[in-house]
Every structure is written in C-alpha cells, then in structure tokens.
Amino acid sequence: MTITNDLFEAFLRCPTKCFLRAEGTLPSGNVFADWVRGEVESYRLETTTRFTKRLSPVVPFSGLLRNIDFISADWRWAVDATVRAQNLESRFHAIERIPSSSGPAQLVPIRFVRAKRPTNVDKLMLAFRQSLSFEYRPLYEDLLKYILRRPLIQIDETPVHLLDRNGYVWVLTSLDSVFFLYRPNREGAFLAELLRPFRGVLVSDFYSVYDSLPCPQQKCLVHFVRDIDDDLLKNPLDVELKSLAQEFSDVLKPIIQSVDRFGLKKRHLQKHKKNVKRFLNSVQSRELNSPIANGYKQRFEKTGAKMFTFLSLQTK
C-alpha cells in the first residue's frame, strides 16, 4: 500500500476515515467537507496557473521527480510534482531548486493555501443552499414531468465555466416552462432515457446526438439560415452555394408569408409541401463541385425533411 498525502492528512483528522480510505471504502458524503476540498483544489489550480505565467518564458518541470532529477537536473522550478520513496508518495504544489557551488542544491517546497479560511457564514450559506436543493427537488422533478407532457419541447445545450471545471447546461423548454440540467460534458446518451415519456415534437439545432431520438423532430431553421448566410459572406464567389441558398430562400419565403398572414394553420401550411419535396429531390439529384455547397447538400439529404416537420403537424 502506498501512503499518499490524502491518506496522511486523513489519519491526522480521523484514523478510522484513513483506514476506510486506504481500503477503498468511501465514507458517507459530507457536503461541507466536499465543498472545502473543492475550494482548496480550485485555489491550487488557479494559483499554479498564475505562478507558471510569472515564470514565463521559463517552463517549470512537472510530473514525477526521480532520484536522478534531484542530483543532476538543471531545472530551477517544478509545479505539481510528485515524489516517491518505497511505499511513500508526496505531491508538491511547487518546488524551488536553488543550485549551490559548494554542495547539493537546496530544495524549497511551496504549498498554495488560501489564507482566508471558511467562515461560519460560508458554512451557513452552504447548508442553506443544500437545504433549498432538498426542498425544491420535488418541484424540479414535477417541472420535468410537466414539460415532457407538452406537445412541443425546444432543447439546446451550452457550455458553462465553473471554478474548478467546465461542464454543460442542457435546457428544455415548452411554451410556458423551462428545465435546466447540468452535465459534466456534451455527451447526449442520457437524453434517450430522459425523453422516453415524451410524445410531442422536439425542436433542436443540428447537433447529431438529437438525430437518434425516436420522437418527431423539427430542426431549427434560424440555425440553418445563420450558417448558410455566414458561408455566403465568406465565399461570395461560390456560384453553387449561392444558387443553393437562393433556391432555399425561394422555398422558405412563401411559407413565412403564409404564417404571417394565416398563422400556423395546417390547411395553409400543407400547400407548401409539394414545393419543399420538389426542392429536396432536386438537391439530392444534382452533382456539386463546391465542397461547401456539397456539405449543404449532405445536410439537406440527412435532415432536410426535419426542417419542415411543422408543415404536417400543426393544428387546424
């Protein structure tokens, strides 16, 4: 067994907890202790980044320090360094190596510790937030159930930057409610189970993870128009792209005019289905030389029908 910093610090606080941690048996969660550890690690990462920038252009050593590194190495600074000896292991936030002409180099360990300790107010605020999460958990779950019963859901995801890590917030909204869900990454495998009770139409962008969901889908036309407009500005001489964009505009404009005049009435919207089908078939049958225009051809082949789902599913 290797005795690490975490084990030694756990032993100083509680030998029983140290034994459980050494055996790989995690003790019951302590919200405040977890929060303190997160604050300490966040401060260490932030300070290490600032410290490394101050050393620039010198690049400090990082990683496992071997015996030979202490004797013959020419490094002056080390950050996030690990030292091992037999069954002992220690992790140093930083080390300064001061060479000496008359003897071995002097090693000065550095530890990044926030001077301000958590106050009673910090503890109370943490407990307050935790109690609120327990209090509103049933409402949070009922809100999701309510949204999943709606005939339409709009879904999107956006990155968030926390103190010690990055993640993603997924947003589900009906016409009158919003549900937020934090996830550590952008992987969407969880959506199949989350949306399993949903029987309505899902409105989304063109992120491929949504394509595998079994419910009817409407792709966001605003996203598509923005993409093709951006490419037209960047490639004004691409004739095939310009022609494709013009034809798409000729199909979309009458639909928008119909919605402006009659609203989302099925008997008016379904009149545009023939033009849409004709356009999609035309795009699928043509050969394009422009890589960008060919990319849009592939998008139309893959999701073109889902761009116009609303033509068939609106109420009378």
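The values are calculated or read from the model by the stated rules, or taken from the named source; none is laboratory data. All figures in this text were calculated on a predicted structure; none of them were measured in a lab. Please note: Cβ atoms are built from the backbone with ideal geometry, for glycine as well, and neighbour counts cover all protein chains shown.
Quick rundown of the values:
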quantity: Residues of segment 257-300 that turn out to be closer than 26 Å to Lys234 by Cα and among the β-branched types (Val, Ile, Thr), as a count; calculated: 2
quantity: Evaluation of Leu126 against (1) closer than 30 Å to Ala33 by Cα; (2) modelled with pLDDT of 75 or more (one fails), failing number; calculated: (2)
quantity: Residues within segment 207-229 that are surrounded by 12 or more Cβ atoms within 10 Å (Cβ to Cβ), part of a helix (DSSP H, G or I) and hydroxyl-bearing (Ser, Thr, Tyr), tallied; calculated: 1
quantity: Phe206 in contact (Cβ under 8 Å) with a residue 60 or more places away in the chain and either under 28 Å from Val40 (Cβ atoms) or not assigned by TED's automatic domain parsing to the domain that holds Ala305 (or both); calculated: yes
quantity: Residue in segment 284-303 that is free of Cβ contacts under 8 Å to residues at least 24 places away in the same chain, of a type in the set (Lys, Arg) and part of a loop (DSSP other than H, G, I, E, B) present; calculated: yes
quantity: Hey, Leu232 part of a loop (DSSP other than H, G, I, E, B) and not assigned by TED's automatic domain parsing to the domain that holds Ile153 or not; calculated: no
quantity: Qualifying residue in segment 43-64 (condition: at pLDDT 80 or above and either touching a Lys or Arg at 6+ places or on another chain (Cβ under 8 Å) or small (Gly, Ala, Ser) (or both)); calculated: yes
quantity: Only one of Pro118, Pro151, Pro104 that is surrounded by 12 or more Cβ atoms within 10 Å (Cβ to Cβ) and modelled with pLDDT under 75; calculated: Pro118
quantity: Residues located in segment 165-200, provided they are part of a loop (DSSP other than H, G, I, E, B), basic (Lys, Arg) and under 17 Å from Tyr210 (Cβ atoms); calculated: Arg186, Arg196, Arg199
quantity: Residue in segment 238-256 that is surrounded by fewer than 18 Cβ atoms within 10 Å (Cβ to Cβ) and within 30 Å of Trp170 (Cα to Cα) present; calculated: yes
quantity: Test result for Ala293, closer than 17 Å to Gln246 by Cα and at pLDDT 90 or above; calculated: yes
quantity: Options Asp211, Asp156; residue that is within 13 Å of the chain's Cα centre (by Cα), touching a residue at least 24 places away in the same chain (Cβ under 8 Å) and within 29 Å of Ser312 (Cα to Cα); calculated: Asp156
quantity: Residues satisfying the stated conditions in segment 158-174, i.e. over 25 Å from Ser42 (Cα atoms) and touching a helix residue (DSSP H, G or I) at 6+ places or on another chain (Cβ under 9 Å); calculated: Leu172, Thr173, Ser174
quantity: Test: Val259 is in the same structural domain as Val171 (by TED's automatic domain parsing), free of Cβ contacts under 8 Å to residues at least 40 places away in the same chain, in contact with a Leu (Cβ under 9 Å, 6 or more places away or on another chain) and assigned to a helix (DSSP H, G or I); calculated: no
quantity: Unmet requirement for Tyr168, which otherwise passes all of (1) in the same structural domain as Glu141 (by TED's automatic domain parsing); (2) of a type in the set (Ser, Thr, Tyr); (3) under 30 Å from Asn289 (Cβ atoms); calculated: (3)
quantity: Matching residues in segment 288-302 - criterion: being surrounded by 17 or more Cβ atoms within 10 Å (Cβ to Cβ), more than 15 Å from Phe248 (Cα to Cα) and under 27 Å from the mean Cα position of the chain (by Cα); calculated: none
quantity: All positions within segment 65-79 that are touching a Phe, Trp or Tyr at 6+ places or on another chain (Cβ under 8 Å) and either within 21 Å of Leu162 (Cα to Cα) or modelled with pLDDT of 75 or more (or both); calculated: Trp77, Ala78, Val79
quantity: Filtered residues of segment 134-164 (kept if over 23 Å from Val209 (Cα atoms) and either outside any helix (DSSP H, G or I) or small (Gly, Ala, Ser) (or both)); calculated: Leu162, Leu163, Asp164
quantity: In segment 161-179, the residues that are of a type outside the set (S, T, N, Q) and surrounded by fewer than 12 Cβ atoms within 10 Å (Cβ to Cβ); calculated: His161, Leu162, Leu163, Leu175, Asp176, Val178
